[in-house]
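**Student:** My questions all concern the structure below.
Just so it is clear, none of the values below were taken in a lab; they were calculated from the coordinates. In this text, all values refer to a predicted model and were calculated from it rather than measured experimentally. In this analysis, Cβ positions are derived from the backbone assuming ideal geometry, glycine residues included, and neighbour counts consider all displayed protein chains.
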Amino acid sequence: MMTILAANTQMPSLGCLSLTGAEKLVLAFLWTGGGEDGTHYSFAAISAGTGLSRDDVRECCRSLAGNGLAVFNKGLWRWDGSGPAGAGYAAKTDLPHGLRQEIAALTEATISLGLIDVHDGYY
């Protein structure tokens, strides 16, 4: 999947947070994983799901973590216990209720617009 985010693409805003279109895509993708206790995604998985380059994904993840919207964890294990899965990022869910609702709406919008590809198998 190749995502092309045109300059005129309208994406929902997130209150007073100033995020780029790419950061919104990555945040929406991470949000589908269920938060800190859910799926953590590698840069490769996020890149595959959003169509962004690995370098852009890295920059977005670090920015989102710096803004308190994502968390990084290392030493992760696969769901089935078959072995180590490395490191990854997840959406932070310990956020004010209103912001969580806005992120959920952003996620639904990006899915319905076909801007992110969400399915099992990304880790």
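**Student:** Restricting attention to the range 35-69, which residues are on the phi > 0 side of the Ramachandran plot and either in contact (Cβ under 8 Å) with a residue 40 or more places away in the chain or touching a Phe, Trp or Tyr at 6+ places or on another chain (Cβ under 8 Å) (or both)? Walk me through how you get there before you give the answer.
**Tutor:** To start, the set of residues in the range 35-69 that are on the phi > 0 side of the Ramachandran plot comprises 35, 51, 68.
Matches in the range 35-69: GLY35, GLY51.
**Student:** In addition: Name the one entry in ALA90, ALA28 that is among the hydrophobic types (A, V, I, L, M, F, W, C), surrounded by 20 or more Cβ atoms within 10 Å (Cβ to Cβ) and part of a strand (DSSP E or B). First the steps, then the outcome.
**Tutor:** Values: ALA28 fails: part of a strand (DSSP E or B).
Going through ALA90, ALA28 in turn, the sole match is ALA90.
**Student:** Now for a different question. Need pairs with beta-carbon distance below 6 Å; first residue over 18 Å from ALA65 (Cα atoms) and touching a residue at least 24 places away in the same chain (Cβ under 8 Å) and within the range 82-106, second among the aliphatic types (A, V, I, L, M) and part of a strand (DSSP E or B); sequence gap 6+ or separate chains.
**Tutor:** ALA85/LEU76
**Student:** I'd like the full set of residues that are farther than 19 Å from THR93 by Cβ, of a type in the set (Ser, Thr, Tyr) and part of a helix (DSSP H, G or I), limited to the range 32-68.
**Tutor:** SER47, THR50
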